[in-house]
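Here is the structure we will look at.
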Amino acid sequence: MEQDSVSFSVQMRAQDLYRFKIYHVYHGFSGVFGIFLTVLAAVMLVTNFKNMVEQSRIVFLLIVVWFIIIDPLRFWLHSKGQIKQNKVYHKPLQYRIDEAGITVSQDETTQTMSWENLVKLIETKKQFIVYSSKIHAFIFPKEAVGTECDLLRKIMVSYTIDKHVKIKGFIKDKTKETEDVYGI
């Protein structure tokens, strides 16, 4: 590879955490089930409104309101609260992605997560999400990565391709390109 490392700084913002939460929840079973219930409830309301008893209308309306308004609002408020309460988010995190893995540092503390310990790589329109467990993840906003997004994607794919790491989202679509270019 022409360059085998990339470094960047992330000042975590509520909107970055919110995007992660929305993706994490709505791409899991409960999120998909919630979307299904919401669509079903909305269809029932529209098609059978006149024939429903008042209690049914209220239940279906609550289901729709819960998943369309309350859940996203709850995620937003939780994200804002986490940013304020978690001292780690008060200062930028410095990341270096290289052969050793993902190294994160802040002040005098440095920690490296090796590629073997990763579970899943996901690329969304606005973020790279790198899971180290089912619920813990590194969040790399593309805005923070800047012009190094292509290089970051290529490095992560090249070091995880043989490590049983799941690759999803936009990064999966670009994995074939990386394999062709770098012969991995």
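The values are calculated or read from the model by the stated rules, or taken from the named source; none is laboratory data. All of these numbers come straight from a predicted model, not from anything done at the bench. Here the Cβ positions follow ideal geometry from the backbone for every residue, glycine too, while neighbour counts run over all protein chains shown. All accessible areas refer to the heavy atoms of the entire protein, side chains included, with ligands and DNA or RNA removed. Shrake-Rupley method; radii C 1.70, N 1.55, O 1.52, S 1.80 Å.
The table that follows gives values for the structure above.
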| item | result |
| --- | --- |
| Filter result (under 25 Å from Ile22 (Cα atoms), out of contact with any Phe, Trp or Tyr (no Cβ under 6 Å at 6 or more places or on another chain) and of a type outside the set (A, V, I, L, M)) within region 93-123 | Gln94, Asn117 |
| Failed criterion for Ile102 (all others in (1) open to solvent by 80 Å² or more (accessible area, probe 1.4 Å); (2) within 15 Å of Phe138 (Cα to Cα); (3) at pLDDT 95 or above hold) | (1) |
| Test: residue in region 2-13 that is assigned to a helix (DSSP H, G or I) and either in contact (Cβ under 8 Å) with a residue 12 or more places away in the chain or in contact with a strand residue (DSSP E or B) (Cβ under 9 Å, 6 or more places away or on another chain) (or both) | no |
| Residue in region 108-149 that is nearest to Gly28 (Cα to Cα), counting only those that are part of a loop (DSSP other than H, G, I, E, B) and touching a Ser or Thr at 6+ places or on another chain (Cβ under 9 Å) | Val119 |
| Pairs where the first residue, in region 50-78, is farther than 19 Å from Val32 by Cβ and the second is open to solvent by 90 Å² or more (accessible area, probe 1.4 Å) and in a helix (DSSP H, G or I), C-beta under 7 Å, 6+ apart | Arg57/Phe49 |
| Residue in region 71-93 that is of a type in the set (S, T, N, Q), in a helix (DSSP H, G or I) and more than 30 Å from Gly146 (Cβ to Cβ) present | no |
